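Single-structure report; data block below.
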Amino acid sequence: MTRGGPAAAALALALVLAGCGGEDGGADGDGAPPELTVSGAYIPRPPTADVAGAFLTVENAGGTDDALTSVTSEAAGSVEIHETEGTTMRQVSSLTVPAGGSLSLDRGGSHLMLMDLPARPAEGDTVPIELHFRTSAPITLDVPVEAANHTGE
Ligand code: CU
């Protein structure tokens with residue numbers, strides 16, 4: 001039965017993978033791909049052109065975790081992903097966007113750091129950025145520059 005062998009093996013593998021996925025997914029994991037939307041993006045007007053923080057929320061309506069893995073901008077020399085620990089911040093390689101949840105980049109917490117801006121952005125400007133994810137397609141957006149005391153609410 002040379003034709004039955006591979007089919008049976010494939011079926012067995014599919015069952016193993018299905019069982020595995022169900023357990024790894026946890027209570028929220030239904031195996032559906034991540035579905036990301038970005039909201040509330042803003043950049044408080046920075047005091048200089050050297051660096052600017054950017055804040056936003058990424059929601060994931062899907063059934064699988066995703067992760068923000070890098071950010072690019074044609075308006076900045078580079079963009080880093082930062083976490084805040086106490087009063088210091090450090091660069092991280094990715095941040096998880098949990099299935100059925102959200103990743104919040106807030107003041108005092110995780111944020112994007114735009115480095116080497118060619119000029120200090122003015123209130124009312126927009127800065128284009130592109131978010132890259134482990135699974136989902138990149139998301140581009142124009143982030144508005146707001147008054148430095150803007151709270152994001
Ligand atoms: Cu930072």
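Going by the conditions given, is SER94 among the small types (Gly, Ala, Ser), in contact (Cβ under 8 Å) with a residue 12 or more places away in the chain and within 16 Å of the ligand (Cβ to nearest atom)? So SER94 fits the description; yes.
Listed conditions (1) within 14 Å of ALA41 (Cβ to Cβ); (2) in contact (Cβ under 8 Å) with a residue 40 or more places away in the chain are all met by SER110, apart from (2). Evaluate region 40-57: report whether one residue or more is surrounded by 14 or more Cβ atoms within 10 Å (Cβ to Cβ), assigned to a loop (DSSP other than H, G, I, E, B) and within 12 Å of the ligand (Cβ to nearest atom). Yes, region 40-57 has at least one match. Among the residues of region 58-67, which ones are among the charged types (D, E, K, R) and either in contact with a helix residue (DSSP H, G or I) (Cβ under 6 Å, 6 or more places away or on another chain) or surrounded by 21 or more Cβ atoms within 10 Å (Cβ to Cβ) (or both)? Within region 58-67, just ASP66 meets the criteria.
When you go through MET89, MET115 one by one, which is the residue that is assigned by TED's automatic domain parsing to the domain that holds ARG45, within 16 Å of the ligand (Cβ to nearest atom) and at pLDDT 95 or above? Within the list MET89, MET115, the selection yields MET115.
The values are calculated or read from the model by the stated rules, or taken from the named source; none is laboratory data. Nothing here was measured: the structure is a model prediction, and the numbers come from that model. All Cβ positions, glycine included, derive from the backbone under ideal geometry; neighbour counts span all protein chains shown.
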